[in-house]
1. Taking the full set of protein chains and a 1.4 angstrom probe, give the accessible area of His293 in square angstrom, rounded to the nearest 10.
2. Counting Lys and Arg as +1 and Asp and Glu as -1, what is the net charge of the other residues whose Cβ lies under 15 Å from the Cβ of His169?
3. Accessible area, 1.4 Å probe, largest first: how do Leu34, Leu11, Leu204 sort?
4. Using only the alpha carbons, work out the radius of gyration and Dmax of the stretch 237-298 in angstrom.
5. For Arg286 and Ser131, calculate 0.36 nm times their separation in residues minus their Cα-Cα distance, and state this gained length in nm to one decimal.
6. Just to be sure I understand the model, the point goes 7 Å from the Cα along the line to the Cβ. What's the resulting Ser29 to Asp50 distance in nm?
7. Highest mean first, how do 78-85, 234-241 rank when packing is the count of other Cβ atoms within 10 Å averaged over residues?
8. Quick one: if you stick a label point 7 Å off each Cα along the C-beta vector at Leu43 and Asn230, how many nm between them?
Amino acid sequence: MNWRRPATGELLFFGYGARPPYLTYHRLSAAGELVESRDVAVLAGTMMHDFAITENYVVWLDLPVVFDLRLAGGGMPMRWDDAYGARLGLMRRDGTSDVRWSDIDPCYIFHGGNAHEDTAGRIVLDAVRYSRSAFDAMWQTMGGHVDNPVAGTGWTRGETQGGRIHRWHLDPATGTASEQALDDRGVELPTINDDLTGRPSRYLYTVTDGAIMKYDTLSGTSRSYGTGENSSPGEAVFVPAEAGPGTEEDAGWLLSLVSHGTTRGSELLVLNARDLTRAATVEMPRRVPAGVHGSWIPDRQA
């Protein structure tokens, strides 16, 4: 996973593995030059699928899904380990400080939405949180190892069952953390207007089976657009409208590749991001795998 800082054009990214160094942080300049690489001390190799950034900090997700090489050859060599614990870490973006870790309730996070620094100097993180039971249900269906397999988990397609949108507040001065659930519906693949990466953003877009969701984190409200029975919408990528004076954060469109089971091809759905009304549909001649990530690259002439 990588993030580009809109203010500077820097690209921040990391690598993780089953053997030391378990976690490595990298920073590229806007010109593509590697300006920093540093090892980050963690207790073991974990499946760190994502991270987050703010104006001044990197937010690490050190969570209890660990590498277990004894499982190699028989599926994915990662499993949940209660003994590992769960914590979020704050590190100065420019690498001038050690990581300040905060313990949190055990969970797993595949995908974050956004993070920012509030007026009190705390870091606010919005992400999709999985409890152990929700993670195990999904992991088992994907062919991963779980300690207590169960039949009929109900998780059958996509990446949209079990995860819930949560918000964490992290205090870099005290190392304390608090969390709250923002919704009780199962969602995944959160996105924002990327121009606000690492800065305060009001709107968060997610997908669930049969629908695309829009959250207003200021008012606490949400709305949805139904994509049809037995459909699986892919990540809703935000495409900004042409910027100008007074341009609203949600002025633009959402692009999502929607799969419709085995009976028809997929479609590229274009929604107005402001009110989730349909702007256009492009029918695909064949199916596109559900749950794919996407990016928007504007077509600009040099």
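The values are calculated or read from the model by the stated rules, or taken from the named source; none is laboratory data. These figures come from a predicted structure and were not determined experimentally. A quick note on method: Cβ atoms are made from the backbone with ideal geometry, for glycine too, and the neighbour counts reach across all protein chains shown. Surface accessibility is based on the protein's heavy atoms, side chains included, excluding ligands, DNA and RNA. Shrake-Rupley method; radii C 1.70, N 1.55, O 1.52, S 1.80 Å.
1. Roll a 1.4 Å probe over it and His293 shows about 110 Å².
2. Working: positive: Arg87, Arg100, Arg122, Arg129, Arg167; negative: Asp103, Asp105, Glu117, Asp118, Asp126, Asp171, Glu179.
Around His169, the charge tally is -2.
3. Details: Leu34 105, Leu11 55, Leu204 5 Å².
Greatest to least solvent exposure: Leu34, Leu11, Leu204.
4. Answer for the stretch 237-298, Rg first and Dmax second: 13.4, 46 Å.
5. On the way: separation 155, 0.36 × 155 = 55.80 nm, distance 3.50 nm.
52.3 nm is the gain from fully extending Arg286 to Ser131.
6. Distance between the two pseudo-spin positions: 3.1 nm.
7. Values: 78-85: 15.5, 234-241: 19.8.
Put in order of decreasing packing, that is 234-241, 78-85.
8. 4.6
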